[in-house]
């Protein structure tokens, strides 16, 4: 009886010693099986020699993260929290100052009151600009609070103004009512707008969230 | 055939297991192409093969901490082979696919070579032969094809193939033999003869 079914395993050295000896003894006496072994071996070599296709794109998932990402996430989260605390505190102090100086918009001190006012007070007086103040267009929501923010950062105080006041001509306002002030230098008394702190808190929070997302993806 | 150097270094594997993403990317790069050629020959579709390999590597990364086997290469081939076969089964349920391939139980006879053909050993690199072999492989039942490729192309031992495909060693032996015989017969049917003439 020819051990045909054993021949591939014989070629692959996958037979136990007993079976191997039996097949070897048979092969020594059987030309048919020797031919088959030779052909199966050639077939295995042909399959092994098939060209290796190359993928059109990298298939290795990007799982490594830069070493600074985790510290960045922590620092951003902490900074965001701190900025939020400062925002709340400056909001409180701004209200206090505004109630103590209702006519402040008429003179230079208006800046103090205006920059300290709550963001959602639409009837705020237009404040004085700070030299070098800049705005960045970042929102498409033309709500009064944002317009007030723009005014706060870019306009000179010309007297009490409503929320719909447009930027005075001659000012280098870089944005219309759709702008959001992201940063403004300190006003003459060294104060920042509460919205500056709020924006800072949001920006740090976004960085922390992005870092978290990237760390999770890994 | 596989060389020993293709097995992952224990140091890199250890670092990857402890969560070092760069070490894992090194491991993945070393097996990316073998996995792709394996998946492609099982699925016969480059886009599906790419998806399967990428999924398998990502899944390996997520469960690497639980990997305790001796061979990372066998482990990742197990994941990729299973996914490729699963993908094939899903595809099979779609109506546009033609006839089922022959089943694993189908008997494969021994075709006699025709006179005047080239010897099998002369066919390496022959473009027509490559096409024929790939066509013959494509006609094998998927599990048979996977076992034969794991043996002849990737060089795994029968025990490893049994583990990769979750099969008995006797089944592996039978699949490899039938698959190899079917490829040999496909070549012989085209006029080639074996080395014995």
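Just so it is clear, none of the values below were taken in a lab; they were calculated from the coordinates. Predicted model only: the values in this text are computed from it and were never measured. No Cβ is skipped: glycine too gets one built from the backbone with ideal geometry, and neighbour counts run over all protein chains shown.
Some values worked out for this structure:
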quantity	calculated
Overall Cα dimensions of segment B:129-197 - principal axes, largest extent first, Å	37, 24, 17
Packing-based exposure ordering (other Cβ within 10 Å, fewest first) of A:52, B:171	A:52, B:171
Shielding by partners - mean other protein chain Cβ count within 10 Å, residues of B:18-31	3
Average beta-carbon neighbours from other chains, 10 Å sphere, peptide B:172-185	5
Residue-span extension gain [residue A:215 to residue A:88] - 0.36 nm each, minus C-alpha spacing	42.7 nm
Exercise: per-residue mean of other protein chain Cβ atoms within 10 Å, A:58-69	6
Translational diffusion of segment A:1-54, µm² s⁻¹ [Kirkwood Rh, Cα pairs; Stokes-Einstein; 25 °C; 0.890 mPa s]	205
